[in-house]
Every structure is written in structure tokens, then in C-alpha cells.
Amino acid sequence: DSGVTQTPKHLITATGQRVTLRCSPRSGDLSVYWYQQSLDQGLQFLIQYYNGEERAKGNILERFSAQQFPDLHSELNLSSLELGDSALYFCASSVWGRGEDIQYFGAGTRLSVL
Amino acid sequence: TQLLEQSPQFLSIQEGENLTVYCNSSSVFSSLQWYRQEPGEGPVLLVTVVTGGEVKKLKRLTFQFGDARKDSSLHITAAQTGDTGLYLCAGTNFGNEKLTFGTGTRLTIIP
């Protein structure tokens, strides 16, 4: 158990809908990262937050947004969903959010868009 | 865009055999990490290498960072069924917090 909690584990929805994925980081970790893992694209970095502020942005679509709350949990919002958004979404956390920090990954949320 | 290509993409070998997985890039990385991911789980960090030419051993696993810091390899000796999983390399760069993941190697050890 990494200490990173993601909910829900599975999510099935329809095209055009909006969903929210939730992540609770390890106790004491200030930084949260979101990744998307699909069969054809591998594991892609989406966005990083540190202590409530956005720190780095990757290949995140404009239809996607995220935030980190004062209690350090984070949410990833996916809207106007398309079939191609079906993937595993992982959250990871680290203490300081530096490149050399160890990132601890949650078990992921499997999103299926039908 | 920095890319990390892993080879082979799939590898299936008998228990007890040795194997090597490669992670290559045309870009220089300040550090390279290796992860293993099992079905239904997130990636778990195995090792971080930071110095060009560095070799790290973790029981039967040997990790090497290339002298030019553009490539890395993972060698497993006497593979066991518990080694089955998706192996991912990931690179970071100076002053950049994001991890760039490799394309992955799916390893299956046959009993």
C-alpha cells in the first residue's frame, strides 16, 4: 500500500459527460501529480500541484482541469468526455515535488467512456 | 519533446533465465528511475540512478545508467515468476519536476 488513495476505482460513463476523480496523497506529502495511462500512449504526465498551487503542466487537454485543496487532496475534472478519454488515471504524491523526489502512486481510477 | 524508448516491448522467458531491458533516448536526463507495475496497481519505484555510468544492484536486479546519461538498462538474473509485470523507465531533468515515462516493457516469466 503506497498510502495514496484514489476514488473511485472504476468509473463508467457516456460521451459528453463530466466526471471527477479524487486523490488523497500520503500523509505529509505536499505535491500531487496526475497521469493518464492508455494502451497506445503509455503513461503521460498531465499536471502537478504543490501545496495548492499548480507547479507543472504536461499534456493536459483543455477539457480537463485539476485543483489541490487546502487539506492537500486533489481532484481531476474531465468534461465533454470522448471515447478516447477511456484510460487509467493515476495520482502520485511526493514530499517536495522536486524532480528527484520519490513519487508514490495510487492504484488508479479506470475510466470507461461508452 | 523528450522520448524514452524501451525494448523489447514484450518479453516472455522461462523461470531461471536472465534478461535485459533497455531504455534509450536521444536526450540527456539528470536522473533515471525504474518502476514496476503490476495489474490493478500503480507503478512502484525500484531504483533511481543519477550519475553517468552508475550501476546499482537490488538483489537479482542490476540497473545501469549510460555514461552519456541518455540510456539505461535493467538486467535480471535467474528470473522468477514474481518478476512478471510492466517495467517502466522514467527520466527527469534539471529544474524540471515532471517525469517522462518510457514506452514500457511487459515481462512474463513462465514457470
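The values are calculated or read from the model by the stated rules, or taken from the named source; none is laboratory data. Just so it is clear, the structure is predicted and the values come from calculations on it, not from any experiment. FYI the Cβ positions are ideal-geometry reconstructions off the backbone, even for glycines, and counts take in every protein chain you see. Protein only, heavy atoms only, side chains kept; ligands, DNA and RNA dropped before computing areas. Shrake-Rupley method; radii C 1.70, N 1.55, O 1.52, S 1.80 Å.
In the stretch A:67-104, of all residues being open to solvent by 10 Å² or more (accessible area, probe 1.4 Å), within 14 Å of chain B (Cβ to nearest Cβ) and in contact (Cβ under 8 Å) with a residue 60 or more places away in the chain, the one that is nearest to the chain's Cα centre (by Cα) corresponds to A:Y104. Tell me whether the stretch B:10-26 contains one or more residues that are in contact with a Pro (Cβ under 6 Å, 6 or more places away or on another chain) and either surrounded by fewer than 12 Cβ atoms within 10 Å (Cβ to Cβ) or touching a residue at least 40 places away in the same chain (Cβ under 8 Å) (or both). Yes, the stretch B:10-26 has at least one match.
For B:T20, the stated conditions hold: it is of a type in the set (V, I, T) and away from chain A (no Cβ under 11 Å). Being part of a strand (DSSP E or B) and open to solvent by 10 Å² or more (accessible area, probe 1.4 Å) is the filter here; which residues of the stretch B:29-60 pass it? B:R36, B:Q37, B:V44, B:L45, B:L46, B:V47, B:T48, B:V55, B:K56, B:K57, B:L58, listed by residue number. Regarding A:S65, is this residue among the polar types (S, T, N, Q), out of contact with any helix residue (DSSP H, G or I) (no Cβ under 6 Å at 6 or more places or on another chain), farther than 18 Å from B:E41 by Cβ and assigned to a loop (DSSP other than H, G, I, E, B)? Criteria not met by A:S65. Look at the stretch A:33-48: where a residue is farther than 27 Å from A:L72 by Cβ and facing chain B (nearest Cβ under 9 Å) and a partner is aromatic (F, W, Y) and assigned to a strand (DSSP E or B), sitting 6+ places away or on another chain with Cβ atoms under 7 Å, you get A:G42/B:F101. When A:L88, A:L83, A:L72 are screened for being in contact with a Pro (Cβ under 6 Å, 6 or more places away or on another chain) and at pLDDT 95 or above, only A:L72 passes. Of the residues A:A107, A:A56, the single one that is touching a residue at least 12 places away in the same chain (Cβ under 8 Å) and either open to solvent by less than 60 Å² (accessible area, probe 1.4 Å) or closer than 16 Å to B:P43 by Cα (or both) is A:A107.
Note on the stretch B:93-111: residues that are in a strand (DSSP E or B) and in contact (Cβ under 8 Å) with a residue 60 or more places away in the chain amount to 10. Considering B:A90, B:A79, B:A68, the condition of being part of a loop (DSSP other than H, G, I, E, B), open to solvent by less than 40 Å² (accessible area, probe 1.4 Å) and of a type in the set (A, V, I, L, M, F, W, C) is satisfied by B:A79 alone.
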